[in-house]
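The values are calculated or read from the model by the stated rules, or taken from the named source; none is laboratory data. This is a predicted model, so every value here is computed, not measured. Note that we place each Cβ from the backbone using ideal geometry, even for glycine, and neighbour counts take in every protein chain shown.
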Amino acid sequence: MKLSVYITRKLPDEVLQPLLEKFTVRMWESEEVAVPRDVLLQESERADALLTMISDSIDAELMGVAKNLKVISNLAVGFNNIDTEAAKQRGIVVTNTPDVLTETTADLTFALVMAAARRMTSAERALRDGEWTSWSPLGFTGQDVWGTTIGIIGMGRIGEAVARRAKGFGMEVLYCNRSRNAEAEEMLGALRKELDELLAESDHVVMLAPYTDETAGMIGARELALMKPTATFISASRGGIVDEDALYDALKKGTIWAAGLDVYATEPVPSNHPLLSLPNVTAVPHIGSASVRTRMEMMRVSMQAITDVLEGKNPKHRVV
Ligand code: DGY
């Protein structure tokens, strides 16, 4: 009998072919709506492999019913939606999709720096709303990006890719990371700083750290108060790292200049969220890796991981 794979969101037919040739594949048939919890639990009971999204909570309860489960392949680099400890205890392999999304996610992160600093979304809204009445010397003026200082919190692969872009804009690069990133220092001249120093010295602060017990809520009122009033804050890894109430207050009071947000504590973020009412917030719906090419590559990588594990091979990107 063929081994069984369950995919928690509808994926395009053309990428599914390699899996269909080898395994019995079942899939949640909606691209837009996440699989309901009861369906996910039911499907997990018989699955040998799960291909999951960041919107699926893959916890100990699920692993408890998933008696045959050998691999969870997450369609993302982040995997905070998976209880990796529970997976480890049960000998379930967990994989992710790094590398293929690095440059695409760095593009979006840098786009948020530019959009927030130069007020692009509020300026566009004003134009569309007929509020652009004349060119004026200080109309729609923002903050410079070129020649300024960027502070990157979380200097992994995506952080380095953002730093490379920043160098092209003549920026000085500061970073804060658990361990030293010698390559970023040697190749990009990046300077390692303590968090407080980085916040105080940067014109653009970019959050790229993974969400862990250590990073949850690491940016709150105290940290935002250290930033320059002309500085932007970009949130591009996981929303729960930032205290959103504190961020709202800082943006509203002008403690900082602007924010660019791709991620939120709760996703999808409700459209009446206070942050979305602020003109100095540029907000996009968790689209860091969302180019067609990259998403197709991520699907291929996550399917290859399933094939590898089910065929007894070591997957390339194993988390546990
Ligand atoms: C990731 O890969 O973790 C992204 O946040 C999802 O696009």
Test of understanding: among 148, 97, 109, which residue is buried (at least 20 other Cβ atoms within 10 Å of the Cβ), under 30 Å from residue 73 (Cβ atoms) and in contact with a His (Cβ under 9 Å, 6 or more places away or on another chain)? 97
From the residues in the stretch 281-292 that are touching a helix residue (DSSP H, G or I) at 6+ places or on another chain (Cβ under 9 Å) and within 14 Å of the ligand (Cβ to nearest atom), which one is nearest to residue 241 (Cα to Cα)? 286
Expected output for the stretch 170-196 (first residue modelled with pLDDT of 95 or more and of a type in the set (A, V, I, L, M, F, W, C), partner part of a loop (DSSP other than H, G, I, E, B) and surrounded by 11 or more Cβ atoms within 10 Å (Cβ to Cβ), Cβ below 6 Å, 6+ apart or cross-chain) is 171/148; 173/190; 174/193; 174/202; 176/193; 184/155; 184/190
Considering only residues that are assigned to a strand (DSSP E or B) and among the polar types (S, T, N, Q), look in the stretch 73-114 and name the one that is nearest to the chain's Cα centre (by Cα). 74
Kindly check whether there is at least one residue in the stretch 169-187 that is closer than 20 Å to residue 115 by Cβ, within 16 Å of the ligand (Cβ to nearest atom) and either surrounded by 18 or more Cβ atoms within 10 Å (Cβ to Cβ) or over 22 Å from the mean Cα position of the chain (by Cα) (or both). no
So, of the residues in the stretch 241-280 that are within 16 Å of the ligand (Cβ to nearest atom) and touching a residue at least 40 places away in the same chain (Cβ under 8 Å), which turns out to be nearest to the chain's Cα centre (by Cα)? 262
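Residues are listed down the side, and each one gets a yes or a no for (1) more than 16 Å from the ligand (Cβ to nearest atom); (2) in the same structural domain as residue 264 (by TED's automatic domain parsing):
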residue: 84; (1), (2): no, no
residue: 89; (1), (2): yes, no
residue: 96; (1), (2): no, no
residue: 114; (1), (2): yes, yes
residue: 128; (1), (2): yes, yes
residue: 134; (1), (2): yes, yes
residue: 143; (1), (2): yes, yes
Yes/no for residue 102 being within 20 Å of residue 156 (Cα to Cα) and without any contact (Cβ under 8 Å) to a residue 60 or more places away in the chain: yes
Note on the stretch 1-49: residues free of Cβ contacts under 8 Å to residues at least 24 places away in the same chain, crowded, with 19+ Cβ neighbours inside 10 Å and in a loop (DSSP other than H, G, I, E, B) are 28
Which of the residues spanning the stretch 54-83 are surrounded by fewer than 22 Cβ atoms within 10 Å (Cβ to Cβ), farther than 17 Å from residue 237 by Cβ and not small (Gly, Ala, Ser)? 59, 61, 63, 65, 67, 68, 70, 83
Only one of (1) farther than 26 Å from residue 274 by Cβ; (2) surrounded by 15 or more Cβ atoms within 10 Å (Cβ to Cβ); (3) charged (D, E, K, R) does not apply to residue 214, and that is (2)
